[in-house]
Amino acid sequence: MILILGGTAEARELATALDEAAIAVTSSLAGRVSNPKLPAGGVRSGGFGGPAALADWLRGNDVIATVDATHPFAERISASVAQACPATGVPLLRLERPSWSERQGDDWRRVPDLRAAAALIAPLGKRVLLTTGRQGLAAFAKVDQAWFLVRCVEPPPPPLPPRHMLALDRGPYTLEGELGLIDRHHIDLVVTKDSGGRHTEAKLDAARERALPVIMVDRPPRPEVNSVATVAEAFEWARRHAQAG
Ligand code: NAP
């Protein structure tokens, strides 16, 4: 079978395509979202227990090839599979959506991580739309000069910024919806990470339309792995391996 490390829309699309082509596929989810959108084909859930345990899992489950289609910020699982696959001789492909890039009218500041984002807030805004996800919000816990609208899929663990409101939502988002949110809450700064993709892109269009600055957290460094940017390319790669296997 083909193993997909998932948790993204692209991973689900790839699972559907392989399942429809009658290629055996299992998707692996971290298991932290309470009501995940389930992919087609087999599904397993929860961490493997590190690279060595993942290698055992690959050996024990007749995995022909693995596609790492996890989120661009899911650092640990990508590092883990980049060790486990070479150790077991299982071919590995990384499916990663392209980064966002600045367009005319945008006012972005790129920063390397959440701490650098937090340090840049005070000079730029007082009412922040924060969409960096529920992990790592401790980086903003000492930013008391600004109010935050914290949007994420699941309730985030503390600590959080002292002055904030939670907006639990999972998108996809529309330009009208994002403009409405910005206007209703008098948002003057957007802080986000470079996830890429269309599902969550509308906030960037809305920020441009309202001439708001954006603090954009860059993607973390990745292991060197054979990569593609589209589901179609990943499907072809997996199909070739399934046929050969
Ligand atoms: P992470 O920091 O790389 O992962 C932490 C640990 O969770 C890993 O070491 C692994 O445990 C387990 N894990 C993560 N993804 C897994 C998967 N697909 N299947 C099995 N175990 C997995 O990842 P994260 O940032 O917490 O993200 C977790 C999941 O949410 C990923 O699948 C990712 O695609 C999705 N996601 C993440 C973000 C984000 O911004 N980070 C956004 C949207 C979706 P073991 O070491 O025990 O194997």
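The values are calculated or read from the model by the stated rules, or taken from the named source; none is laboratory data. As the structure is a prediction and not an experimental result, all values here were calculated from the model. Cβ placement follows ideal geometry from the backbone for every residue including glycine, while neighbour counts extend to all protein chains displayed. Areas reflect the complete protein model, heavy atoms only, side chains present, ligands, DNA and RNA absent. Shrake-Rupley method; radii C 1.70, N 1.55, O 1.52, S 1.80 Å.
Quick notes
- Test: residue in segment 206-214 that is of a type in the set (Val, Ile, Thr), modelled with pLDDT of 95 or more and either in a helix (DSSP H, G or I) or in contact with a Leu (Cβ under 6 Å, 6 or more places away or on another chain) (or both): no
- Per the conditions (1) open to solvent by 30 Å² or more (accessible area, probe 1.4 Å); (2) in contact (Cβ under 8 Å) with a residue 60 or more places away in the chain; (3) at positive phi, the sole criterion not satisfied by ARG97 is (3).
- Residue ID - surrounded by the most Cβ atoms within 10 Å (Cβ to Cβ), chosen from residues in segment 112-130 that are more than 17 Å from LYS203 (Cα to Cα) and within 17 Å of the chain's Cα centre (by Cα): LEU114
- Residue match in segment 235-244 (condition: among the polar types (S, T, N, Q) and either open to solvent by less than 30 Å² (accessible area, probe 1.4 Å) or modelled with pLDDT of 95 or more (or both)): no
- Inside segment 73-110, residues that are in contact with a strand residue (DSSP E or B) (Cβ under 8 Å, 6 or more places away or on another chain) and in a loop (DSSP other than H, G, I, E, B) make up a count of 8.
- The single residue among ALA69, ALA55, ALA84 that is open to solvent by less than 10 Å² (accessible area, probe 1.4 Å), within 13 Å of the ligand (Cβ to nearest atom) and under 20 Å from the mean Cα position of the chain (by Cα) turns out to be ALA69.
- Any hit, segment 183-196, residues being assigned to a helix (DSSP H, G or I) and surrounded by fewer than 17 Cβ atoms within 10 Å (Cβ to Cβ): yes
- Restricting segment 34-52 to residues that are open to solvent by less than 60 Å² (accessible area, probe 1.4 Å) and part of a loop (DSSP other than H, G, I, E, B), the residue that is farthest from ARG170 (Cα to Cα): GLY50
- For segment 1-30, the tally of residues that are more than 7 Å from the ligand (Cβ to nearest atom) and either modelled with pLDDT under 95 or assigned to a loop (DSSP other than H, G, I, E, B) (or both) stands at 6.
- Segment 219-234, subset open to solvent by 50 Å² or more (accessible area, probe 1.4 Å) and part of a loop (DSSP other than H, G, I, E, B), residue modelled with the lowest pLDDT: ARG222
- Selection of first residues in segment 113-125 that are free of Cβ contacts under 8 Å to residues at least 60 places away in the same chain and not assigned by TED's automatic domain parsing to the domain that holds PHE73 and of second residues that are among the hydrophobic types (A, V, I, L, M, F, W, C) and open to solvent by less than 10 Å² (accessible area, probe 1.4 Å), restricted to Cβ pairs under 6 Å at least 6 apart or on distinct chains, gives the following pairs, ordered by first then second residue: ALA118/PHE140.
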